[in-house]
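Below: the structure, in structure tokens.
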Amino acid sequence: MLGVVSGLTAGAWLGCAEAPTKFVTAGFSPYLISLGFVAGVFVARWTLPLLVKGTGSIARDIREKPHLIVWAVLAGMMWAVANTLTVFAIRDVGLSVAFPLWNTNGLVGLFWGWVLFNELRDAGRAQWLKVLGGAVAIVTGACLLAAATTGQAASPGHRAATGIVAALGAALLWGTMYIPYRKAYLSGMNPLSFVTVFTFGELGATAALALGFDGGYGHVVAELSQARPALFWLFLGGFCWVLGDLFQQYAAKYIGIARGIPLSNTNQLWGLAWGALVFGELSGAGRGTRLMVIVGSVTMAAGALAITFANAPKSEQLRWREATEREERRYGLSPASAIAPTATPGRRRWEWLVAAIAVGIFALLGSMAERPQFRVNYFWIAPLMVITIALLAACGWLLWKRTRFA
């Protein structure tokens, strides 16, 4: 139950997080958009885990499992490249089209979960049908949405082929990125500890991409200065993404990547909602297009529902245990360290100071923020945010009640 609810909540927040990247249509460099977004991710990744678990708990988790440091940094680097590719995809084919293409990462993750971590091994035909059928339904629905919105989202002159390749490249990287995720949780690392190390890889790789491909240090600094009115929205997008990713990590921890990724890929529906309702990407669409959007959305929802009921039977859980034992032998871990939650030590004063600095950064950027220069329907922003915040509160309460975020 925790894994399923976490996956669905992740979908809402990951979909919400992509909306600020629409600033790329205002003429900003994709590398700059990605750098600003990841800067917000970096601030949020250090603030949220610190407030929930404290640095003492995180440091102890990392100290007990140092082999996962390199895996977390590698995952962060893969995420950074994939995130930059999504900005190119949004620029060239629009948010409504790019989302379904990069969400094929669910099939990539399902493959890796089966090959490397014994997911769906000895699960039985019924569970295979639910998981694989649900994943295929989600991708099929995404393709229907892409077909419905092709020609609606992108502006004339944009290179559609480049956008499609960028979105598919992001799918491959994001689907493979979950290998370190699963290795971490089979070893018993807390998701909050993992993302704290993860952020060094993503920020370093994103900065390297911007410096290497966007004109060097001087040009990047000049662009950042020019983009100051938009930085708050990018930071906000990064913050929302961190919330979605944290829930996605709990989904991967409790139900595996074969089930967790497709559930979090319901962010396609949220991306469609933001793209169509808030940014008007489907304005002027005909009846046939709207019908395809409805069919695609229902197909994706049906796929997510099928995966929701695909509980791992005892025979499959035994195969999961084999994968855990393999990780224990490979890295010299004790069985207790892979399953026992660690206590949360008391908070230090300087940890609250870090949180205050993070709030101050957002307040400073907010004071410089300006309204977007492109068309935005503010009427739909409020209900979309109310629903996503309600999901955050409900899933956060469940995780706290059942696990204390252990």
Cα centre as origin, Lys/Arg/Asp/Glu Cβ charges: the chain dipole, Debye: 820
How would Lys65, Lys314 rank on accessible area, largest to smallest, probe 1.4 Å? Lys314, Lys65
Pick from Ile58, Ile381, Ile307: which residue has the top mean-square fluctuation in a GNM of the chain where Cα pairs under 10 Å get a spring? Ile381
Toward the positive end of the charge dipole of the range 1-135, about the Cα centre and with charges on Cβ (Lys, Arg +1; Asp, Glu -1), which of Thr55, Ala19, Leu2 goes farthest? Thr55
Calculate the translational D of the range 185-224 in whole µm² s⁻¹ from Stokes-Einstein, where the hydrodynamic radius comes from the Kirkwood formula applied to all Cα pairs, the temperature is 20 °C and the viscosity 1.002 mPa s. 180
Share of the range 1-113's accessible area from carbon and sulfur, percent, 1.4 Å? 79
For Leu364 paired with Glu322, estimate the spin-label separation in nm (one decimal), with each label point 7 Å from Cα along the Cα-to-Cβ line. 5.4
Taking Cα pairs closer than 8 Å and at least 6 residues apart, the relative contact order of the chain in percent is 36
Cα convex hull of the range 222-371: mean projected area in nm², to one decimal? 15.3
Where the convex hull is taken over the Cα atoms of the chain, what is its projected area averaged over directions, in nm²? 19.1
Aspartates and glutamates near Lys53 by alpha-carbon distance under 13 Å, same-chain residues fewer than 8 away left out - which ones? Asp61, Glu351
Could you tell me which residue out of Gly212, Gly36, Tyr178 lies farthest along the dipole of the chain toward its positive end? Charges go on the beta carbon: Lys and Arg +1, Asp and Glu -1, centred on the Cα centre. Tyr178
Taking a 1.4 Å probe, which of His219, His67 shows the most accessible area, and what order do the others take after it? His219, His67
With a ≥ b ≥ c from the Cα gyration tensor eigenvalues, square-rooted, and the rule rounded for a/c under 1.5, otherwise prolate when a/b > b/c and oblate otherwise, the range 8-120 is oblate
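For the range 182-267, with only Lys/Arg (+1) and Asp/Glu (-1) charged at the beta-carbon, what is the dipole magnitude about the Cα centre, in debye rounded to 20?
The calculated dipole for the range 182-267 is roughly 400 debye.
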The answer for the chain, counting only DSSP H helices whose Cα atoms cover 20 angstrom or more along the axis and whose Kyte-Doolittle average is -0.5 or greater, is 2-17, 30-52, 68-93, 125-149, 160-186, 191-213, 228-255, 287-308, 349-368, 378-403
Cα gyration tensor category, rounded, prolate or oblate, for the range 132-263 with a/c compared to 1.5: oblate
Sorting Phe309, Thr199, Trp274 by the position of each Cα along the dipole of the chain (Lys, Arg +1; Asp, Glu -1; all at Cβ), the one nearest the positive end of that ordering is Phe309
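Subtracting the Cα-Cα distance from 0.36 nm times the residue separation, let me have the gained length for Val376 to Cys143 in nm, one decimal.
Stretched fully, the Val376-Cys143 segment lengthens by 81.3 nm.
The values are calculated or read from the model by the stated rules, or taken from the named source; none is laboratory data. Small disclaimer: the values here were computed from a predicted structure and weren't measured. Glycine also receives a Cβ, built like all others from the backbone with ideal geometry; neighbour counts cover every protein chain displayed. Just so you know, the surface numbers come from the protein's heavy atoms only, side chains and all, with ligands and any DNA or RNA stripped out. Shrake-Rupley method; radii C 1.70, N 1.55, O 1.52, S 1.80 Å.
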